[in-house]
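Student: Provided herewith is a single structure, encoded as structure tokens, for subsequent inquiry.
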Amino acid sequence: MEDFQILIGGAAGQGSKSAGRLIARVLNRYGYKIYVYEDYPSLIRGGHNFSLIRVSKDNKRSIKRQVDFLLALNKDTLERHRDKLSGRGCIIYNADEVDEAEGIGAPIETIATEVGKKIMQNTALCAYFCKAVGISEGVMKEVVETLPAPDKNLKVAEKAYQKAEKENDLEDIGDPVPLVTGNEALSLGALEAGLENYFAYPMTPSTSILHFLAGLETECDVQVMQPENEVGVINTALGAAYAGRRSMVGTSGGGFALMAEGVSLAGISETPIVIIESQRAGPASGVPTYNAQSDLNFALNAGHGDFLRFVFTPGDAEEAFYLTNLAMNLSWKYQVPAIVLIDKDISESTFSFDQSVLEKGEYWEESRGECGKHYDRYEDNEFGISPLCYPGKEATVRNNSYEHNEYGTTTEDPDEVVKMQDKRMKKKPLMEEEIERLEMVKVFGEGKKALVTWGSSKMAAKEAGKKAGWKVIQIMSFAPFPEKRFKNALEGVEELVVVEENRLGQAAEIIKRYTEVDRKVLKYDGRPFYEEEILNELN
Amino acid sequence: MSDINMETENTWCPGCGNFAIEAVTKKGIKKIGRNKTAITAGIGCHAKIIDYVNVNSFYGLHGRPVSLAVGIKLANPELSVLAFSGDGDSLNEGISHLIHAAKRNSDITVVIHQNRNFALTVKQFTASSPKGFVSNSSPEGNVEEPLNTLEVANSAGATFISRSFSGDIEHLQETMEKAVEHKGFSLIEVLQSCPAWYDTNSYYRENSYKMEKVPKNPDKKIREWNYDGEGKIPLGVFKKQEKPTYEEKMARKGKKVSVEEVLKSKI
């Protein structure tokens, strides 16, 4: 089997997500590439959670409507997804809850209760799958051993494996690679750029950055703080950045709305800061655990007044690593806020991580002043970038939210007001050149017909484009907009379709400034594009 | 400019309590050392102190000087960090930051310029204005009751709580020094007259008294004056407690682990 998809589901609290992880890790050991999409409602007990695991030789990162293996921890899962079966795989269901059905009935509750604990029924279901798909008992046990309560889990896995039947053979095709989520990848990118302080208030789908970095606190040289609210988050982070720490904040649209005053403060006070905005379906509380790409306009415009910013839009885990690393380096280079606009289906999805991207992880030393007796925090020079000093040395460092003179003292003098705004705007052409130098527009395939996409939509668009013979153009920076590279990518294109997950077509409206847009393919039900959905629109 | 003084024009009203706060701040910073101090301020009359004192500073947004100060102290615990704020600034707009900084015992000093109205926006009532206070936003008199600043700090767990009066510069100097010396979160409320909108000079002079020592029962002392005309006004230190600071508890181990190693654990 070169490319198959597994759906594992149950009620919240039944452990379908950890079972999905277990299966992903086992298949990773056989060298298969993994992409896991998590689908769950905003609740703690009950409801219906499922993970879709795309398993392929060539690292396909989108989900398909059809499912090859359906693993049902409860009856509800079976009923909801039975009609999606491809016929290439099989169903394995909880026989303790479902009397009789098509597929393999596995008494997972009985097994778990007999030799372990009832909660371990998810391990039992995984073991049934492992045997059925042709995974060796040894490889399965290697992974089960790493679970919490390994002894009991091993007993449950062994017993279930014994009882199950082998249905397939699975070829070992290569070495395992790290399995990371988008949020983990971006955290690592930030660490490579010297991240020292992370500030966040919990908000789905950014919360796992907080968990991941807090978990690294004892290992890594990073401090993680959870302030009282998002207003506190960004202002505290700006205080830390002023005092010399590479600081980052993370949130979703609602929290970012609260941070907007801080974005503006970073703008005028020229305090570097990286902001992770992981989108979910809005407006307001919206559909909190589901995806949308509807904060693009907001990220580009949040904060009152005129100031510059970077806005990057990664489309998978490797790009999340690279663009967050870059965002931090560029924010400190130009002393402007840098926003990484990611979305739920990257943040919380799990990827087989291509480690070659680590070569792009860099640490750029910021431009530092001499920091002697006299220091103008806002020195006006050729490039508008004043060398940085931090308090604690001989230099007096004066940051200001008001318009100010070069020394940082408040001013309302009309000439001074003009001078300092012009000073900050000197960075604009430099930032634009910098962005054009980097590969901020990716092109997959070729042809007269092209899909333009961004963020997580790129994953399904790329697969659909490949199948339909369309060129796929992915935009990774919206501020500054890589105009030259985008226009190069458009050469020879006669038909252009924009693919994104929002109701208005926010990126399409921006793209219209540079070219004609023939059609928009929009999805806004909170769920990711299926490959077939885009494909149907192209044929 | 290596001197503590700035050449900026001072725009506070004659008789404003802010002058006394500026004077004692400069004196204090000279003792600590200019390069070992960082100050923050929000927005309001209080905040103009930033432009009058030549020291490391971050002139922030309305209500946020405490947040900035917490961030600065966390980033560089060697610095002495003071947040200057007003009653409108930190008891209205930014009260959550004040409460949580006290709760986590962040080792900063918060100076509340207590003039009991929004002065820079030309007289509206704040959380500290007495009931019946006639202002541009309460022409018939404030219908709300005032908040007791010290009670807020106390219930949040502040480890140092004090009050002084800008009309008594010696007491102010002494109390401010104690607040800055305190290891942990310290609050000093400075009662001050607002000559433009709310002249309370003689009221404070006639109704305040200095406590000889830190009271055994701070709760009771804190409630002695109700900010609304009832009770005598105690000045001095109400509470002083030793507790580990937030920064001590958050100190990093400093051990670096490579990204490659973290990734290895993800296989």
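Bear in mind these aren't lab numbers, they're just calculated from the coordinates by the rules spelled out. Keep in mind that this is a model prediction, so the values were computed, not measured. All Cβ positions, even for glycine, are placed from backbone atoms using ideal geometry, and neighbour counts span all protein chains on display.
Student: If you take every DSSP beta bridge fully contained in the protein assembly as shown, what fraction is antiparallel? Give it as a percent rounded to 5.
Tutor: Antiparallel bridges: around 30 percent, rounded to the nearest 5.
Student: What residue among A:Y390, A:N400, A:Q506 has its Cα farthest toward the positive end of the dipole of chain A, where the charges are +1 on Lys, Arg and -1 on Asp, Glu, each on the Cβ?
Tutor: A:Q506
Student: In percent, how large is the relative contact order of the stretch A:179-360, given Cα pairs closer than 8 Å and 6 or more residues apart?
Tutor: 30 percent
Student: Using Cα-only point scatterers and the Debye equation, what is log10 of I(q)/I(0) for the protein assembly as shown at each q in 0.05, 0.11 Å⁻¹, rounded to two decimals?
Tutor: Debye output, listed in q order: -0.32, -1.15.
Student: Using only the alpha-carbon atoms, how far is helix B:65-75 inclined from the longest principal axis of chain B? Give it as 0 to 90 degrees, nearest 10.
Tutor: Between the helix axis and the principal axis of chain B, the angle is about 30 degrees.
Student: With a ≥ b ≥ c the root eigenvalues of the C-alpha gyration tensor of the stretch A:3-163, is it rounded (a/c under 1.5), prolate (a/b larger than b/c) or oblate?
Tutor: On the way: a/c = 1.39, a/b = 1.11, b/c = 1.25.
Rounded shape, in that the Cα axes give a/c under 1.5.
Student: When the Cα centres of the stretch A:206-224 and the stretch B:204-236 are compared, how far apart do they sit, in Å?
Tutor: 45 Å
Student: Could you work out how far helix B:18-32 tilts from the main Cα principal axis of chain B, as a 0 to 90 degree angle to the nearest 10?
Tutor: So the inclination is approximately 30 degrees.
Student: Here's something else I'd like to know. Taking the stretch A:367-438 on its own, what percent of its Cα-Cα pair distances exceed 16 Å?
Tutor: Taking all Cα-Cα pairs of the stretch A:367-438, the fraction more than 16 Å apart is 53 percent.
Student: Would you give the gap between the C-alpha center of the stretch A:295-369 and the C-alpha center of the stretch B:123-188, rounded to a whole Å?
Tutor: Result: 42 Å between the Cα centres.
Student: Using label points projected 7 Å from each Cα along Cα→Cβ, tell me how many nm separate A:V517 and A:N539, to one decimal.
Tutor: 2.6 nm
Student: Oh, and also: In whole angstrom, note down how far apart the Cα centers of the stretch A:124-160 and the stretch A:443-520 are.
Tutor: Computed from Cα coordinates, the inter-centre distance equals 44 Å.
Student: Averaging sequence separations of C-alpha pairs under 8 Å and six or more residues apart, then dividing by the length of the stretch A:367-438, give the relative contact order as a whole percent.
Tutor: 29 percent
Student: With runs of 4+ DSSP H residues as the only contributors, calculate the mean residue ellipticity of chain A at 222 nm using -39,500 (n - 2.57) per run, divided by the residue total and rounded to the nearest 500.
Tutor: Calculated from helices alone, the mean residue ellipticity at 222 nm is -11000 deg cm²/dmol.
Student: So, one more: Report for chain B the percent antiparallel among DSSP-assigned beta bridges with both residues inside it, nearest 5.
Tutor: Values: 8 of 37 bridges.
Percent antiparallel among DSSP bridges in chain B is about 20.
Student: How many percent of the alpha carbon pairs in the stretch B:18-264 exceed a separation of 22 Å?
Tutor: Value for the stretch B:18-264: 52 percent of Cα pairs lie more than 22 Å apart.
Student: Further question on the same structure: Only four residue types carry charge here, +1 at the Cβ of Lys and Arg and -1 at the Cβ of Asp and Glu. Report the dipole size of chain A about the Cα centre in Debye, rounded to the nearest 20.
Tutor: I would put it at about 820 debye.
Student: Could you pull out every residue, at least 5 positions away or on a different chain, whose amide H is within less than 5 Å of the one on B:S106? Hs are placed 1.01 Å off N in the peptide plane, and Pro or chain starts have none.
Tutor: Result for B:S106 returns B:F185, B:Y246.
Student: Report, to two decimal places, the Cα Rg of the stretch B:1-52 normalised by 2.2 N^0.38 Å (N = number of residues). Before the final figure, lay out each step's value.
Tutor: Details: Rg = 11.2 Å, N = 52, 2.2 N^0.38 = 9.9 Å.
Here the answer is 1.13, to two decimals.
Student: Then there is this: Apply the Karplus curve 6.51 cos²θ - 1.76 cosθ + 1.60, θ = phi - 60°, to the phi angles in the stretch B:85-93 and return the couplings in whole Hz, x for Gly and Pro.
Tutor: Whole-Hz 3J(HN,Hα) from phi for the stretch B:85-93: 8, x, 5, x, 5, 10, 10, 9, 4.
Student: Here's something else I'd like to know. Mind listing the lone cysteines of chain A, meaning no other Cys beta-carbon sits under 4.7 Å from theirs?
Tutor: Among the cysteines of chain A, those whose Cβ sits 4.7 Å or more from every other are A:C90, A:C126, A:C130, A:C220.
Student: Here is a further query. Given the convex hull of the Cα atoms of the stretch B:153-233, what is a quarter of its surface area in nm²?
Tutor: Its average projected convex-hull area is 5.9 nm².
Student: Need one number: nm distance between label points at A:I173 and B:V122, each 7 Å from Cα along Cα→Cβ, rounded to one decimal.
Tutor: Going from the A:I173 label point to the B:V122 one covers 7.4 nm.
Student: Quick check: pseudo-label points 7 Å beyond the Cα along Cα→Cβ at A:N229 and A:K84, how many nm apart are they?
Tutor: Modelled inter-label distance: 3.9 nm.
Student: What residues from the stretch B:124-168 fall in the zone where the backbone N is under 20 Å from a label point 7 Å along the Cα-to-C-beta line of B:N226?
Tutor: The answer is B:126-134, B:141-155, whose backbone nitrogens lie closer than 20 Å to the label point.
Student: Ok, one more. Around A:A317, under 10 Å between beta carbons, what's the net of Lys plus Arg minus Asp minus Glu among the other residues?
Tutor: Details: positive: A:R61; negative: A:E184, A:D316, A:E318, A:E319, A:D354.
Overall, the nearby charge balance is -4.
Student: Which number do you get for Rg(Cα) / (2.2 N^0.38 Å) in the stretch B:10-164?
Tutor: Dividing the Cα Rg of the stretch B:10-164 by 2.2 N^0.38 Å gives 1.03.
Student: Related question: Whole-Hz Karplus ³J(HN,Hα) for the stretch B:204-215, in order, using 6.51 cos²θ - 1.76 cosθ + 1.60 and θ = phi - 60°, x for Gly and Pro?
Tutor: Calculated HN-Hα couplings, in order: 5, 4, 7, 10, 9, 8, 8, 6, 6, 8, 5, x Hz.
Student: Mean separation of Cα pairs under 8 Å and 6+ residues apart, divided by the residue count of chain A: what relative contact order is that in percent?
Tutor: Dividing the mean separation by the residue count of chain A yields 12 percent.
Student: Let me ask something additional. Order of A:M120, B:M6 from fewest to most other C-beta atoms within 10 Å?
Tutor: Lowest count first: B:M6, A:M120.
Student: To continue, here is another question. Percent antiparallel among DSSP beta bridges with both residues in the stretch B:40-124, to the nearest 5?
Tutor: Percent antiparallel among DSSP bridges in the stretch B:40-124 is about 10.
Student: Report the gain in length on full extension from A:K75 to A:K373: 0.36 nm times residue separation, minus Cα-Cα distance, nm rounded to one decimal. Before the final figure, lay out each step's value.
Tutor: Values: separation 298, 0.36 × 298 = 107.28 nm, distance 7.36 nm.
Result for the pair: 99.9 nm of gain on full extension.
Student: Over the Cα atoms of the stretch A:179-360, how large are the radius of gyration and the largest Cα-Cα distance (Dmax), in Å?
Tutor: That works out to 14.5, 42 Å for Rg and Dmax.
Student: Sort largest first and round to whole Å: the equivalent ellipsoid semi-axes of the stretch B:38-78, each the square root of five times a Cα gyration tensor eigenvalue.
Tutor: The answer is 18, 13, 5 Å, longest axis first.
Student: So what are the stretch A:439-538's ellipsoid semi-axes, whole angstrom, largest first, if each one is the square root of 5 times an eigenvalue of the alpha-carbon gyration tensor?
Tutor: 19, 16, 12
Student: Also, quick follow-up: Tell me which of B:V122, B:V143, B:L79 sits at the most positive position along the dipole axis of the stretch B:1-159, charges placed on C-beta atoms (Lys, Arg +1; Asp, Glu -1).
Tutor: Going by the charge dipole, the pick is B:L79.
Student: Kindly provide the helix-only [θ] at 222 nm of chain B, computed as the sum of -39,500 (n - 2.57) over DSSP H runs of four or more divided by all residues, to the nearest 500 deg cm²/dmol?
Tutor: -8000 deg cm²/dmol
Student: Compute the FRET efficiency between A:E491 and A:E382 as 1/(1 + (r/R0)^6), taking r as their Cβ-Cβ distance and R0 = 30 Å, and round to the nearest 0.05.
Tutor: 0.30
Student: Hey, got the average number of other protein chain Cβ atoms within 10 angstrom for residues in A:382-394?
Tutor: If you average over the peptide's residues, the count of other-chain Cβ atoms is 3.
Student: For B:S138, list long-range residues whose amide hydrogen, built 1.01 Å from N in the peptide plane, is under 5 Å from its own amide hydrogen.
Tutor: B:F125
Student: Only four residue types carry charge here, +1 at the Cβ of Lys and Arg and -1 at the Cβ of Asp and Glu. Report the dipole size of the stretch A:439-538 about the Cα centre in Debye, rounded to the nearest 20.
Tutor: Values: 18 positive and 17 negative charges, 45 e Å.
About 220 debye.
Student: Any number yet on Rg/Rh for the stretch A:157-231, C-alpha, Kirkwood?
Tutor: 1.23
Student: Along the stretch A:185-193, what does the Karplus equation 6.51 cos²θ - 1.76 cosθ + 1.60 (θ = phi - 60°) give for ³J(HN,Hα), rounded to whole Hz, x for Gly and Pro?
Tutor: Coupling constants for the stretch A:185-193: 4, 5, 4, 5, x, 5, 4, 5, 8 Hz.
Student: Another question about this same structure. Which angle between 0 and 90 degrees, to the nearest 10, do you get for helix A:230-242 versus the longest principal axis of chain A when only C-alpha atoms count?
Tutor: Between the helix axis and the principal axis of chain A, the angle is about 60 degrees.
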